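Peer 1: One structure follows; several queries about it will come next.
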Amino acid sequence: MFVNTFQFFSSAQSSKRLAAMAITFACASSAFSQEYLNGIKWTAPAIITPGARDSDAPSDAVKLFDGKDLSQWKNADTWVVKDGVAICGKAQITTKEEFGDCQLHVEWSAPTPAVGSGQGRCNSGIFMMGRYELQVLDSFDNLTYFDGQAGAIYKQTPPMANAMRKPGEWNTYDIFWTGPRFKEDGSLESPAYITAVHNGVLILNHFQLLGDTPFNRPPQYKAHSPKGPISIQDHGNPVRFRNIWIREIANAKGVQEREPFLRSGDKETPIAKNPK
Ligand code: MG
């Protein structure tokens, strides 16, 4: 029953949606006598064309640096773009555009041979909303305080693992960011959260930020707009960057049209609230 129904819908219509409906129908009609329905009318998810590789910008991304120039950034006069790579200059650069909740991809590489030690080796940083630093540092065989190594939320938490590649090799950061929310009176409604992947390794898992990330005082939240820029730190080291893109994100949208219910044939049964 399952296979026949699936094959019929698949061959008659190549649409993935119909195939999925066929699976649902087949499962409901053969394997189960009862189906759960949540009563939510969902908006169709946006159709995005992914990049040829997962590290390439998908179709809805804003390319912040694609190897050509730093025209998307402010204060980039002292940065050098050469051979498709942006080399850190003598100023922190900041995007002209501002972003809210987002997915950010950044590739960076430490100078080789390695120069300096501790916080002085390949120090830079990705500042979400211009305030919250995900540390960039050459943490390959380079000991420093753990909440200041590569992948740390500076002075708040170390990464869960050190996934650093050797100097000269390219590192990737894939960052998933939920910005803080503030009430009208300026107090905090909900904190910021970050999930980050370093070279394919999960290093921050929905970490709740305590506030901003300065060197010289405790973290604190100070009300700001729902959107902010991305900044890249200049810490005096010629860190290299390439392939930077960002896409704003939002939860799936749906309307609760009716209470959840069970369907069995033509019979629909509301699901009792707080069942004992
Ligand atoms: Mg830094």
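Peer 1: Which ones in segment 117-130 are in a loop (DSSP other than H, G, I, E, B) and within 13 Å of the ligand (Cβ to nearest atom)?
Peer 2: Hits for segment 117-130 are R121, C122, N123.
Peer 1: Please tell me if T112 is modelled with pLDDT under 95, away from the ligand (no atom under 16 Å from the Cβ) and closer than 28 Å to V85 by Cα.
Peer 2: Yes: the conditions hold for T112.
Peer 1: If a residue counts only when it is among the charged types (D, E, K, R), which strands (runs of 3 or more DSSP E) contained entirely in segment 169-273 have at least 1 such residues?
Peer 2: 170-178, 188-190, 240-248, 261-264, 267-270
Peer 1: Checking M164 against (1) under 10 Å from H198 (Cα atoms); (2) not in a loop (DSSP other than H, G, I, E, B), which single condition isn't satisfied?
Peer 2: (2)
Peer 1: Then there is this: Of everything in segment 68-100, what is on the phi > 0 side of the Ramachandran plot and surrounded by fewer than 14 Cβ atoms within 10 Å (Cβ to Cβ)? Give them in sequence order.
Peer 2: Within segment 68-100, D83, G84 qualify.
Peer 1: Based on this model, can you work out whether Y173 counts as surrounded by fewer than 22 Cβ atoms within 10 Å (Cβ to Cβ), within 16 Å of the ligand (Cβ to nearest atom) and within 20 Å of S55 (Cα to Cα)?
Peer 2: yes
Peer 1: Out of everything in segment 148-170 that is out of contact with any strand residue (DSSP E or B) (no Cβ under 6 Å at 6 or more places or on another chain) and at positive phi, what residue ends up being surrounded by the fewest Cβ atoms within 10 Å (Cβ to Cβ)?
Peer 2: Per the stated criteria, the residue is G168.
Peer 1: Ok, one more. Of everything in segment 230-243, what is surrounded by fewer than 20 Cβ atoms within 10 Å (Cβ to Cβ) and more than 10 Å from the ligand (Cβ to nearest atom)? Give them in sequence order.
Peer 2: Listed by number, the residues that qualify are G236, P238, R242.
Peer 1: Counting only residues that are touching a helix residue (DSSP H, G or I) at 6+ places or on another chain (Cβ under 9 Å) and not in a loop (DSSP other than H, G, I, E, B), which one in segment 135-161 is nearest to the ligand (Cβ to nearest atom)?
Peer 2: Only one residue tops the list, namely Q135.
Peer 1: Still on this structure, please answer the following. Kindly evaluate G148 against the criterion of being touching a Pro at 6+ places or on another chain (Cβ under 6 Å), within 29 Å of G89 (Cα to Cα) and small (G, A, S).
Peer 2: No: the conditions fail for G148.
Peer 1: Also, quick follow-up: Test of understanding: among Q233, Q220, Q256, which residue is more than 30 Å from L70 (Cβ to Cβ) and assigned by TED's automatic domain parsing to the domain that holds S71?
Peer 2: Working: Q233 fails: more than 30 Å from L70 (Cβ to Cβ); Q256 fails: assigned by TED's automatic domain parsing to the domain that holds S71.
None of the other options fit; the residue is Q220.
The values are calculated or read from the model by the stated rules, or taken from the named source; none is laboratory data. None of the values given here were measured: they were computed from a predicted structure. Positions of Cβ are generated from backbone atoms using ideal geometry, with glycine treated the same way; all protein chains shown enter the neighbour counts.
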